[in-house]
Amino acid sequence: MLGHYDPYLVALSIVVASFGGYVALDLASHARDAGRGRNGWLGAAALAFGAGIWSMHFIGMMAMRMPVPVSYDILLTALSFLLAVGVSGTGLFAVAHGGGGRATLAAAGLLTGFGIVSMHYVGMAGMRLPVPLIYDTLLVVASVVIAVAASTAALWLAFRTASPLQRLSGALVLGAAVVSMHYIGMAAANADVTAIGHAANTGAVPTGDDLGFVLSTPSLAVGTGVGTLLILSLGLLSVLIDRRRSAERAAGQEARYRAVVDFAVDPIVVIDETGTIQSFNRAAETTFGYGTEEAVGANVRILMAEPHHSAHDGYMAHFRETGERRIIGIGREVEGRRKDGSLFPLELSVAEWHDGRQRLFTGIMRDITARKAAEDALHRAKAEAERAREEALAARDKAERADMAKTKFLAAASHDLRQPVQSLFFFAHALSDRLDGHPASPLLASMSESLNGLRTLLDSLLDVSRLDAGVVTPAVTEFALGPLLQRLADEYRGRAAEVGIALRHVPTDGWTRSDPALVERILRNLVENAIRYTESGRILIGCRRTGNSLRIEVLDTGIGIPEDKRDEVFVEFAQLANPERDRRKGLGLGLAIVRRLAGLLGHEVTLRSRPGRGSAFGLTVPSVAPRQVMKTCRPAAQSAAQPPANGGKGLVVVVEDDAIILLSMRTMLEEWGYEVVAAVSADEAVGTLTSLGQRPDMIVADYRLREGRTGLQAIRDIYGVCGVRVPALVLTGDTDPARIAEVQQSGHRLLHKPVAPEVLRNALTSAA
């Protein structure tokens with residue numbers, strides 16, 4: 001292009017380009033580090049970069065002194081400014097948000113370069129000359145290449161310059177490249193010389209008045225440059241102020257961080273990617289024994305025990321190469337090493353973070369020596385507790401075995417004792433009939449009384465052993481309490497009158513749900529206990545309603561029970577007013593049986609008493625709605641007193657392998673008027689019946705027979721020859737739960753030895 005350049009304006013364009021590049025790089029660097037307002041700082045960097053390039057371009061065009069007047073189109077000039085700022089912002093935002101990869105950088109650099117070239121040639125097109133411009137193709141291409149290279153370099157430097165010196169060097173390189181691109185572009189434009197000469201000869205060269213307002217003046221160029229520099233300075237000042245504020249905030253945060261870290265109770269150590277310690281708090285000094293001056297700058301391996309000590313550098317190298325996290329973000333227990341070489345357990349958690357320049361790792365540790373000791377103590381305590389539990393279980397099993405052995409012993413002893421006692425009963429009863437009026441009758445009566453006491457003891461022991469063995473199964477049903485209380489009162493009224501006690505009962509229409517037989521046994525024991533310990537006065541049997549329950553009470557005016565002895569009376573063989581052990585006052589088992597039976601039924605037993613004033617025993621049972629009772633009458637033709645066809649009371653088959661008991665029972669039954677077939681085995685009984693050709697009216701069989709056979713089998717054998725089922729009784733002295741259950745399931749009545757003659761007679765009569 002014809003003309004020459006104003007060196008001062010050229011220098012001003014270079015200064016503006018370089019300063020604009022510096023401000024743009026500084027703003028981009030600040031945008032990279034800023035947590036908040038990042039996009040705003042990126043926009044400011046784009047504005048600084050675009051304004052610097054455009055201002056340099058405009059000043060460079062006005063620096064050209066041409067022989068013809070030059071003016072500028074305002075719209076095209078403004079468009080060139082917008083292109084400069086727009087393409088700069090597009091490139092910066094693309095690199096900032098695209099990850100900074102090579103492909104992104106190349107694309108953004110190419111886009112920004114072509115944008116700058118477009119800005120330059122749009123600005124050139126805005127020049128108003130009297131002659132046309134001719135462009136040199138090679139120089140235009142050179143300007144495009146320089147623009148793309150300069151743009152790519154600017155974008156690359158924008159996010160990689162850290163120090164002011166780096167930014168200054170980058171700005172100078174960037175400014176020189178942009179200036180070179182501009183002036184090469186200017187050199188590519190040449191005016192048509194022939195056209196200029198022809199215009200001059202013909203007087204067709206226009207003046208400034210002809211072209212309008214001419215802007216190419218040094219004052220405008222200087223004003224543009226100064227204005228741009230002021231705007232860029234304001235941007236630089238803003239970022240400096242923001243950096244200062246950020247530094248103050250960082251200093252405050254650092255102070256708070258140091259306060260927290262230094263006074264933390266747990267060791268906190270910061271290391272870099274090489275494992276070099278950058279920070280070491282006071283707790284770490286106390287825990288590891290190193291001072292801060294000793295630890296900072298050393299490798300973190302000094303705090304580690306093997307195998308982590310030797311393998312640490314390998315861990316860090318593996319992490320840098322692969323990014324695989326083996327401990328970061330994962331708490332774990334490791335061994336630490338103090339300065340003196342001692343080892344201790346610690347809990348370690350590691351966090352990864354960046355300070356803008358490098359990757360750092362913060363390790364928070366806790367000395368867990370005390371916790372480990374506590375855990376060990378807890379494990380030992382658990383082990384000891386487990387051993388104690390096992391010992392307790394073994395002791396419980398031993399006690400249960402001992403209790404089972406006791407129960408079995410009691411059952412066996414009861415059976416063995418009942419056998420001779422049973423024979424004594426039968427012989428005594430047979431003698432009593434034959435010695436009626438004989439001088440030896442009083443002696444026989446005393447013996448019978450002793451036998452009754454022995455039977456009572458064995459019966460009570462049997463009740464206790466059966467309850468302890470768990471073989472008593474309640475047969476729960478709904479029944480009326482009135483008839484039961486009436487029957488007990490009628491039965492015991494005469495016995496009470498014999499000792500001068502008035503016994504009465506209060507009628508009731510209450511119904512309950514329970515086992516009537518077991519409830520009767522409980523009440524019998526309570527009534528007998530009241531009779532034994534009441535010397536004068538009265539006994540009252542009654543029932544009262546309490547909510548949804550009924551409480552059956554037996555009240556007496558007897559000796560009473562002290563408050564501190566009320567639990568003791570329910571213990572086996574405990575008798576408060578019988579130091580001489582008079583068996584007429586019982587054996588001390590009645591109330592123990594009451595408590596066991598009540599517990600089996602789920603009923604509550606209560607006791608109120610005042611010494612010298614009497615006692616009130618209560619049994620609480622559930623209350624149910626009454627039902628209508630159907631009354632029946634037994635025909636006279638079926639009376640038990642009617643003799644059978646054979647002229648006697650009937651034929652009874654007795655199967656007993658004990659010869660003495662068999663003889664005594666036969667004698668007693670014959671005295672009662674029965675015909676008796678006595679046999680020691682089922683085969684003998686079947687043979688005798690077959691030879692007689694008679695069907696028995698009753699079978700009485702002992703449970704244990706010879707050769708391992710049982711009375712149940714004997715009864716079935718006799719049924720086989722009779723062809724019909726006849727009433728049968730099973731006698732046994734065995735309290736084995738399995739034996740009792742077997743007899744109960746057979747449907748036959750079970751009597752426990754020793755059996756009182758009256759009980760056996762009543763059983764035979766009722767069965768007949």
Applying the selection to segment 230-251, what residues are within 20 Å of ALA51 (Cβ to Cβ), small (Gly, Ala, Ser) and at pLDDT 70 or above? SER233, SER238
Failed condition for ALA738, given (1) more than 30 Å from LEU435 (Cα to Cα); (2) exposed (fewer than 14 other Cβ atoms within 10 Å of the Cβ); (3) in contact (Cβ under 8 Å) with a residue 40 or more places away in the chain, with all others met? (3)
Consider GLN278 against the criteria (1) at pLDDT 70 or above; (2) out of contact with any Leu (no Cβ under 7 Å at 6 or more places or on another chain); (3) open to solvent by 70 Å² or more (accessible area, probe 1.4 Å): it satisfies all of them except one. Which criterion is unmet? (2)
Would you confirm, using the coordinates I've provided, whether VAL759 is assigned to a helix (DSSP H, G or I) and either within 20 Å of PHE426 (Cβ to Cβ) or touching an Asp or Glu at 6+ places or on another chain (Cβ under 9 Å) (or both)? yes
Based on what the data block shows, is GLY588 modelled with pLDDT of 85 or more and more than 17 Å from ALA517 (Cα to Cα)? no
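Residues are listed down the side, and each one gets a yes or a no for (1) over 15 Å from GLY60 (Cβ atoms); (2) modelled with pLDDT under 75; (3) among the aliphatic types (A, V, I, L, M); (4) surrounded by 17 or more Cβ atoms within 10 Å (Cβ to Cβ):
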{"position": "ARG102", "(1), (2), (3), (4)": "yes, yes, no, no"}
{"position": "ALA107", "(1), (2), (3), (4)": "yes, no, yes, no"}
{"position": "SER143", "(1), (2), (3), (4)": "no, no, no, yes"}
{"position": "VAL148", "(1), (2), (3), (4)": "yes, no, yes, yes"}
Give the residue that is surrounded by the fewest Cβ atoms within 10 Å (Cβ to Cβ), with candidates limited to residues of segment 589-613 that are among the small types (Gly, Ala, Ser) and free of Cβ contacts under 8 Å to residues at least 60 places away in the same chain. GLY612
Would you mind stating whether GLU707 is at pLDDT 80 or above and loosely packed, with under 15 Cβ neighbours inside 10 Å? yes
Criterion first (open to solvent by 60 Å² or more (accessible area, probe 1.4 Å), at pLDDT below 85 and hydrophobic (A, V, I, L, M, F, W, C)) does VAL265 satisfy it? yes
For segment 513-547, which positions are touching a strand residue (DSSP E or B) at 6+ places or on another chain (Cβ under 6 Å), open to solvent by 40 Å² or more (accessible area, probe 1.4 Å) and not in a helix (DSSP H, G or I)? ARG513, ARG538, LEU540, ARG544
For LEU303: the one exception among (1) open to solvent by less than 70 Å² (accessible area, probe 1.4 Å); (2) within 39 Å of the chain's Cα centre (by Cα); (3) at pLDDT below 85: (3)
Residues within segment 734-754 that are within 19 Å of LEU764 (Cα to Cα), part of a loop (DSSP other than H, G, I, E, B) and at pLDDT below 80, tallied: 1
Condition first: within 22 Å of PHE425 (Cα to Cα), acidic (Asp, Glu) and part of a helix (DSSP H, G or I). Can you find one or more residues in segment 697-718 that meet it? no
Among the residues that make up segment 558-566, is at least one of them open to solvent by 50 Å² or more (accessible area, probe 1.4 Å), closer than 14 Å to LEU591 by Cβ and without any contact (Cβ under 8 Å) to a residue 24 or more places away in the chain? yes
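Results for (1) over 60 Å from the mean Cα position of the chain (by Cα); (2) in contact (Cβ under 8 Å) with a residue 24 or more places away in the chain; (3) under 18 Å from ARG749 (Cβ atoms), shown as yes or no for each residue.
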residue: GLY650; (1), (2), (3): yes, yes, yes
residue: ILE660; (1), (2), (3): yes, yes, no
residue: TYR674; (1), (2), (3): yes, yes, yes
residue: GLN694; (1), (2), (3): yes, yes, no
residue: GLN713; (1), (2), (3): no, yes, yes
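Residues are listed down the side, and each one gets a yes or a no for (1) at pLDDT below 75; (2) within 55 Å of the chain's Cα centre (by Cα); (3) part of a strand (DSSP E or B); (4) among the aromatic types (Phe, Trp, Tyr):
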{"residue": "GLU375", "(1), (2), (3), (4)": "no, yes, no, no"}
{"residue": "GLU390", "(1), (2), (3), (4)": "no, yes, no, no"}
{"residue": "LEU410", "(1), (2), (3), (4)": "yes, yes, no, no"}
{"residue": "HIS438", "(1), (2), (3), (4)": "no, no, no, no"}
{"residue": "MET447", "(1), (2), (3), (4)": "yes, no, no, no"}
{"residue": "GLY453", "(1), (2), (3), (4)": "yes, no, no, no"}
{"residue": "LEU462", "(1), (2), (3), (4)": "yes, yes, no, no"}
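The values are calculated or read from the model by the stated rules, or taken from the named source; none is laboratory data. On a predicted model such as this, the values are computed, not experimentally measured, just so you know. Neighbour counts run over all protein chains shown; Cβ positions are idealised from the backbone, glycine included. Side chains are part of the model used for accessible areas, which takes the heavy atoms of the whole protein and leaves out ligands, DNA and RNA. Shrake-Rupley method; radii C 1.70, N 1.55, O 1.52, S 1.80 Å.
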